[in-house]
Every structure is written in C-alpha cells, then in structure tokens.
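Step one of this worksheet: look at the structure below.
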C-alpha cells in the first residue's frame, strides 16, 4: 500500500509545475472542468481518474490561500483516505490539511462530503480555516455544531463539505443529513463509509 501511495504522490508532484502557472481564476475553473469530465456522457471519468489532478489543484490552492503546501506524506495520507483506508496520523503530522485533498476530490461528484472532528471548537475552526481552500475553489462549506438540528442549521440541502464534531447530538444531525444527501464522508480517519480512528490536532 505504501508503495502505491508513494506513486500517487510522485504523480501529483509531476503536475505541480503546470498547476503553479495557472492564475487564480484558471485554478478555480478547474473545479467546473473536473465536474464536466465526471459527467461526460460519452467518456465519463471517475474520481480515481481525477485524483492526481484534483490533488495537485487543491494543494496549490492551499498554498495560495493558507500559505501551507501539503507535504508528500500528507498527499499519501489523502490518497489513502480516498481509497477507503484508515490513516492514523500523530498530533502535528497534519491531519487537518491532509483531509482538504480527498474532501475536494469527492465533493466534485456533487454528493456532499462530511469531515468529522472531535468537538465543536475544532469543527468551527476547521470549517473556517480549511474551508477557505474549498471556498476558493468554488465549493460551499458549512459546519454542524452539537446544539444544531437539521432545521436550525439553516440548510435546505447539505453544503458540499460541512464539518461536524463527533458528539452525540451532532452525530444525530449528521445521520439525518447523510440520509438525505450522501453516503460519502471524510474524517481524519477515512473517506469512505467505514470506521475511523483519530487523535485531535
């Protein structure tokens, strides 16, 4: 698995020079381009097909918006999440930034992506902090807090990438939201409908 992830990171790196040359507008336009390629009736591509390009775009956006460029190990972790694996990362290794990449990629399918963290503080912080990258790329970002209900959250539909804590009442809200829009979600542990394991950043 590690060798496979290393190849993914290497491929993403080969795209960096071209992506770096894009203007902000051209970088943002990549989101619509990717969506069109996924929806192409004659020759549709898959999320796996788009992974290297989408990761390169999201990484460049993170650099421009946050002044943070995901390292290769974070790209590898991001690929592991997208492929449905549990990726355990220690405090300080960059789980938060790692999740930006698979969340962006999976959001391109239009089904919504949930990023789950451990408490309200981190949910709010990360929706504002890392959400800047997704907003820059044209995605909607929301946050689910423990005291919210689906009605009080104020969303007629789920944002592309909401962030939620793993508290019990918020989990109820998440469950309601997932039933209505999406079975795909991303946390610091996974980007597939399976169990997660994580420590807070």
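Sorting the segments 87-93, 60-66 by their residues' average number of neighbouring beta-carbon atoms within 10 angstrom, most packed first, yields 60-66, 87-93. Compared with the direct C-alpha span, the chain from residue 29 to residue 135 gains 36.9 nm at full extension, assuming 0.36 nm per residue.
We did not get these values from a lab; they are worked out from the coordinates using the rules stated. Being a predicted model, the structure only gives us computed values, none of them experimental. No Cβ is skipped: glycine too gets one built from the backbone with ideal geometry, and neighbour counts run over all protein chains shown.
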